[in-house]
Amino acid sequence: MRRRKLLKDQDRHRLFSVPTDEDSLIRHYSLSSADRVEIGLRRREHNRLGFAVQLCLMRHPGRVLTAGET
């Protein structure tokens, strides 16, 4: 059975893609001091950046990067 699409492709892209404009990036992807402490305590130096990116993406748009996605 074919699945129904609830959103048009352009609407899905607008909702779930990572923003590219500076204002949205600052609004959605700024780390708080508590975030930075958590990243520093829980992660080793070689994977702190990756953890921070995944943390921000879980907050907005609510997903993680898939394998091979940049």
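Looking only at residues that are touching a helix residue (DSSP H, G or I) at 6+ places or on another chain (Cβ under 9 Å) and part of a helix (DSSP H, G or I) in the range 57-70, which one is least open to solvent (accessible area, probe 1.4 Å)?
Quick first cut of the range 57-70, residues touching a helix residue (DSSP H, G or I) at 6+ places or on another chain (Cβ under 9 Å) only: 57, 59-65.
After this cut, where a residue has to be part of a helix (DSSP H, G or I) as well, the list is 57, 59.
Details: LEU57: 11, ARG59: 130 Å².
Among those that are touching a helix residue (DSSP H, G or I) at 6+ places or on another chain (Cβ under 9 Å) and part of a helix (DSSP H, G or I), it is LEU57.
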Query raised in the report: Across the range 1-28, which residue is modelled with the highest pLDDT among those that are of a type in the set (A, V, I, L, M, F, W, C) and closer than 19 Å to LEU65 by Cβ?
Result: LEU25
Requested in this report: Working only within the range 29-56, note down all residues that are open to solvent by less than 100 Å² (accessible area, probe 1.4 Å), among the charged types (D, E, K, R) and either under 16 Å from THR70 (Cα atoms) or part of a loop (DSSP other than H, G, I, E, B) (or both).
Outcome: ARG43
Query raised in the report: Just to be sure, is ILE26 β-branched (Val, Ile, Thr), open to solvent by less than 50 Å² (accessible area, probe 1.4 Å) and more than 9 Å from the chain's Cα centre (by Cα)?
Result: no
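The values are calculated or read from the model by the stated rules, or taken from the named source; none is laboratory data. Keep in mind that this is a model prediction, so the values were computed, not measured. Reconstructed Cβ throughout: ideal geometry from the backbone, glycine too, with neighbour counts over all protein chains shown. What goes into the accessible areas is simple: the full protein's heavy atoms, side chains included, and nothing from ligands, DNA or RNA. Shrake-Rupley method; radii C 1.70, N 1.55, O 1.52, S 1.80 Å.
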